[in-house]
Structures are given as C-alpha cells and as structure tokens.
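The values are calculated or read from the model by the stated rules, or taken from the named source; none is laboratory data. For clarity, every value in this text was computed on a predicted model and none was experimentally measured. Cβ placement follows ideal geometry from the backbone for every residue including glycine, while neighbour counts extend to all protein chains displayed. Just the protein is used for accessible areas: all its heavy atoms, side chains included, with ligands, DNA and RNA removed. Shrake-Rupley method; radii C 1.70, N 1.55, O 1.52, S 1.80 Å.
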Amino acid sequence: MLPHFHNTLTRQTEPLTLLDPEQKKLRLYTCGPTVYDHAHIGNFRAYLFEDLLQRHLESRGYDVERIMNLTDVDDKTIRGAHAKGISLDAYTRPYKDAFFADCAALRLRPAKAYPEATDPKNIERMIAMITTLVERQHAYQAEDGSVYFRITSFADYGKLAHVDLQEQRPSGRVQSDEYEKEQIADFALWKAWSPEDGDVRWESPWGAGRPGWHIECSAMATRLLGDQIDIHCGGIDNLFPHHEAEIAQCECVTGRSFVSLWMHCAHLMVDGSKMSKSAGNFYTARQLMERGWSGREIRYTLLAVHYRIPLNFTMEGLEASRQAIARIDTWRERLQEFATVDTSVRPLEKLGSIDLENFFNSLDNDLNISAALAVLFEVIRESNRQLDAGTFSADQVAGLRQWWQRVNSILALEQEPEEVIPEAVATLLAARQAARDAKNWGDSDRLRDEIASLGWQIKDTKGTQKVLRRF
RNA sequence: GGCGGGGUAGCCAAGUGGUAAGGCUGGGCUCUGCAAAAGCCCCAUUCGUCGGUUCGAUUCCGACCCUCGCCUCCA
C-alpha cells in the first residue's frame with residue numbers, strides 16, 4: 001500500500017505520487033527557523049512532524065532529500081543586531097548554533113543541507129528570479145525603490161490557501177501606508193535599503209537592498225532541489241501568504257508546477273491558548289530541558305498528537321509522556337535481558353492477534369501516530385503477558401527486538417545507554433547492600449532516602465538493587 | 001465577511017454505518033522486610049446540542065451552540 005497524505009492544495013488525502021517513481025527519490029523542502037531568537041516548542045512541533053514524515057518515508061524505502069532553510073536576514077534579525085551594535089552574522093550565529101543543538105537534543109534527523117538566506121549563492125539566485133519576474137511583468141519596482149510581486153498577474157494566486165482576493169478583508173495588521181504598491185496584497189520581492197538596515201545590504205539591478213522573505217525559500221528550494229519538488233512542509237501559519245507567494249514566484253519563473261504535495265502542521269497551544277510571549281506561556285526547548293525535561297520527553301509530547309490537530313501543550317502532558325516513555329523503557333530492558341539482537345532472526349510479524357505491520361500501516365495513513373502508538377502499547381502489554389507466563393521463545397523475543405528497532409528508527413525514543421553512576425552513589429549503594437545482607441532495614445531505608453536525594457531512584461529486585469536517574 | 005481546525009471518559013487521544021483503540025491519572029491484585037519500581041486486571045450503555053435519513057449513527061445529511069486559528073512577512 002502506498003502511503004497516503006493530506007494535501008493542503010486539494011484538501012484531500014491522496015496516495016503519494018513521486019516525480020521520480022522508479023528511484024523512489026523524494027525531494028522534500030521544509031521551512032526552517034528565522035534565527036532572531038531561540039526556536040520555541042511551537043517551531044519544534046513543526047520540525048518534529050517533518051522528522052516523523054522523513055523517518056517514516058525512509059522506513060518505507062524512499063530516498064528522502066530534505067532541505068531546511070535558515071532565514072538569517074529579516075526585520076527582526078536586523079533590528080536585533082542593531083540593538084546590540086553587532087554585525088548581522090555575529091547576531092544570528094549563536095541562534096544558529098543553538099538551533100542545531102536543540103535539534104540534536106530532540107533527535108531530529110539532519111537535513112541534507114541547511115541553506116542560509118545570506119549565502120551569496122542564494123542571494124544571486126534570488127536576484128536572478130526577481131529579474132525574470134520583472135522582465136515578464138510579474139513584478140515591478142515601486143516609488144519606494146522596492147520590488148513587488150504583482151499578484152494580479154498570476155491567475156492561480158490563492159489556489160493553495162483557497163482564498164479569493166476579492167473577498168479578503170484587510171485585518172488590523174495591514175499597514176495602510178503602503179500606497180506605493182499597486183495592490184494591497186502585492187508582496188515585496190526586494191526591499192530597498194533604508195538607513196535602519198545599516199550595512200545589511202546587497203547590490204541589485206534595483207539598487208541596494210535585501211531580499212523579501214518569500215523569495216528566499218523559492219530561491220533556495222529551486223536551487224537545491226530543482227524546479228519541481230515532491231513535498232513541501234511547514235506550519236499552518238506559513239500557508240498564507242508565505243507558501244502562496246512561493247508558488248507564485250516559482251511558477252511564474254519556471255512555468256511548471258512547483259510542489260506536488262503540500263503538508264501543514266497545526267498550531268501548538270499552551271494551556272489552552274495560543275502561545276505568546278506577552279501571555280508568558282512561551283517555552284523554548286532549552287528552557288524545558290533546564291527544568292529537567294529530557295529531549296525525548298519533549299519529543300514524545302510534541303509527536304504523539306496528529307500533526308493536523310492543534311496540540312495543547314501542558315506540564316501534565318509532559319508528565320504523561322514521561323510515564324509512557326518509562327513504560328517503553330522497562331519493556332525494552334526486559335526484552336534485552338531475555339534475548340540479544342540477532343539479525344539472522346526474522347522480525348516478528350504477529351504477536352498474538354496483533355499484526356505488527358499495523359504500526360507502519362497506521363503511519364501510511366497520513367501519519368496516524370495515535371493508532372501507531374496504540375499498536376506499540378498493545379504489543380508491550382501482550383509481550384509482558386507472555387513473558388510473565390513464560391510462553392515466549394528466545395527467537396520470538398529476538399524477532400520482537402528486530403521489530404522494535406524498526407519502530408525506534410521512526411520514533412527515536414530509545415533511552416541513551418546507562419548513565420555512569422557517580423562515585424558517591426555507588427558507595428552508598430554498596431553500604432545499603434551490606435545493610436540489606438545484614439537485614440538491617442533501618443540503615444537500608446535511610447540509605448535509600450539518601451540516594452534518592454541525590455536524584456537516583458532505587459529499584460529492589462531479588463537479591464540486587466538497580467538505580468535509575470530521576471529528575 | 002471569507003477560509004480553516006477542534007468539541008469522544010478526570011486529562012490527552014484514535015476510530016468505524018452495526019454497537020467505543022491506546023496513553024496518563026485513579027482503583028484492585030501480584031511481587032516485596034517495608035516502600036518504591038514493575039507487571040497484570042478494572043475504569044465511557046456513550047461520542048457538543050437538536051432534528052433528519054436508516055433495521056441500526058459517535059460515524060451520513062441539516063440546523064444550532066461552544067472553542068482555537070488564518071486573512072501580508074509568527075512553524
């Protein structure tokens with residue numbers, strides 16, 4: 001069965017069709033962050049959805065060539081650099097580094113490339129595209145020196161967001177002073193330099209200035225992936241006008257259909273309302289990690305809800321994820337004690353009445369992660385039962401471990417190898433074991449509390465003690 | 001006004017024209033020196049409201065209510 005995905009363009013769930021079906025090669029473009037600040041968990045929800053998409057497609061044998069851009073020049077980055085009195089590059093560099101560190105902590109698979117808007121190769125491409133658009137009357141230079149896209153020149157404008165421009169009512173956010181434009185909805189391709197921009201400027205046929213946001217993605221996507229790409233993803237808030245503008249720019253330049261499949265991720269809410277700085281319900285991944293939440297706990301929380309459903313992020317949700325992950329961890333350890341990974345053993349296909357392929361089949365259905373996780377937890381319960389009853393063969397467990405490896409190649413939730421137990425904890429553990437051997441329960445309990453206060457939780461099993469790191 | 005997402009047990013959340021997955025919490029049991037941890041078991045006559053179609057609707061149709069967004073540079 002082919003994977004099916006919901007296409008924003010058609011508002012239908014469709015079988016995946018590739019430009020290059022023989023090679024199973026898939027070109028994927030994902031809108032990346034604007035590096036004016038640390039990415040927040042709303043951003044990461046989108047990146048995690050894309051990660052799930054990529055990992056699942058790879059598990060299905062597709063060769064996924066994913067590009068994620070970094071927007072490192074815009075109003076906010078220029079303003080930020082100016083406020084600190086440093087260069088644009090000096091301002092954005094730490095946020096780029098932080099972004100990659102956060103991605104690693106959340107176990108995002110790296111993209112093939114992370115093109116930056118300020119890269120001369122990309123600026124060159126943007127200028128070339130704008131030149132073509134101006135030549136073909138799709139764009140014009142206005143009184144203010146900026147170049148705008150003429151939306152009335154592109155009949156398909158609005159096909160992605162399904163909007164009719166005649167029906168649009170300007171919202172309060174629209175600047176009414178943009179009288180230079182022919183149409184209020186015309187968007188900037190090239191922004192003329194102004195004194196606030198300082199030394200952030202590139203020369204162009206229309207004078208000094210800098211690119212508009214939308215043209216960045218069009219230029220980087222087509223430069224690295226070609227005129228036509230298979231899948232383009234982003235947050236729902238990029239649907240309009242950003243992605244609509246990308247289509248207009250690319251299709252007016254190339255004359256070809258830009259993207260086959262558009263996928264958009266719904267918003268992240270915090271405690272029931274939209275995340276915003278002013279409301280104080282704004283989290284970055286690193287803030288959560290500083291509070292003791294692990295990357296995989298954040299990963300699970302953001303991944304476990306279907307991407308097209310608004311996700312309400314709460315501390316209770318994180319706590320629930322922590323418990324769910326602990327269940328997976330202990331199950332996995334139990335399998336590990338029972339059988340080693342043996343690649344000569346075929347992955348198990350059925351466990352009791354559970355078809356293990358249903359995990360992957362569920363993801364084929366527009367990334368139905370809830371159904372997929374339900375399969376995982378059913379497998380956990382059933383295999384625990386069988387392990388309790390002693391009805392499992394070593395081969396079956398080995399086969400189950402093979403299955404888990406496939407599952408984990410998508411979920412990426414497996415715990416890191418055991419943390420090294422600190423010397424102090426090890427000493428206390430030895431003392432407690434001695435006390436226990438002497439049936440000195442008073443000392444045993446006291447030492448247990450002492451170890452717990454260091455952040456390690458004791459698990460007593462027959463004859464031995466185990467400790468787990470607890471935050 | 002236009003476009004779009006939601007409303008399923010205490011919380012999160014799948015799902016199908018035929019009688020409700022899964023996770024968390026809670027309760028019970030097993031294990032245990034005690035506890036914790038862990039495992040197993042139990043926990044929605046009911047799917048926003050009201051109508052309609054149907055042998056039968058949470059699932060299809062209509063109306064309504066509530067809620068969250070987008071409509072020019074926020075993933």
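Annotations for the structure displayed:
- Of all beta bridges that DSSP places with both ends in chain A, some 55 percent have antiparallel geometry.
- Phi angles across the range A:196-202 convert, under the Karplus curve 6.51 cos²θ - 1.76 cosθ + 1.60 with θ = phi - 60°, into 3J(HN,Hα) values of 5, 6, x, 8, 7, 7, 10 Hz, Gly and Pro given as x.
- Packing here is the average count of other Cβ atoms within 10 Å per residue, and on that basis the peptides A:246-256, A:102-112, highest first, run A:246-256, A:102-112.
- Nearby aspartates and glutamates by direct alpha-carbon distance to A:LYS121 (threshold 15 angstrom, same-chain neighbours under 8 apart not counted): A:ASP72, A:GLU203, A:GLU216
- Close amide H partners of A:LEU9, meaning residues 5 or more places away or on another chain with modelled amide H under 5 Å apart, are A:TRP262.
- Placed amide H near A:MET275: partners under 5 Å, 5+ positions off or other chain: A:VAL270
- In this rough spin-label picture, where each label sits 7 Å from Cα along the Cβ direction, the A:ALA326-A:GLU143 distance is 6.7 nm.
- Amide hydrogen proximity for A:GLY226: with H placed 1.01 Å from N in the peptide plane, no residue at 5 or more positions away or on another chain lies under 5 Å.
- Among the lysines of the range A:1-116, pairs at least eight places apart or on separate chains and with Cα atoms under 25 Å apart come to 6.
- Share antiparallel - DSSP beta bridges, the range A:235-367, percent rounded to 5: 50
- Taking label points 7 Å from Cα along the Cα-to-Cβ direction, A:ARG291 and A:ALA430 give a separation of 3.9 nm.
- Solvent exposure ordering (accessible area, 1.4 Å, most first) of A:HIS138, A:HIS267, A:HIS162: A:HIS162, A:HIS267, A:HIS138
- Förster radius 45 Å - calculated FRET efficiency between A:SER409 and A:ALA452, Cβ distance, rounded to 0.05: 0.80
- In the range A:16-270, a dipole from Cβ-located charges (positive for Lys and Arg, negative for Asp and Glu) runs towards its positive end, and of A:GLY212, A:THR152, A:ALA104 it is A:ALA104 whose Cα lies farthest in that direction.
- For the range A:423-469, size of Cβ-based charge dipole, Lys and Arg +1, Asp and Glu -1, in debye: 220
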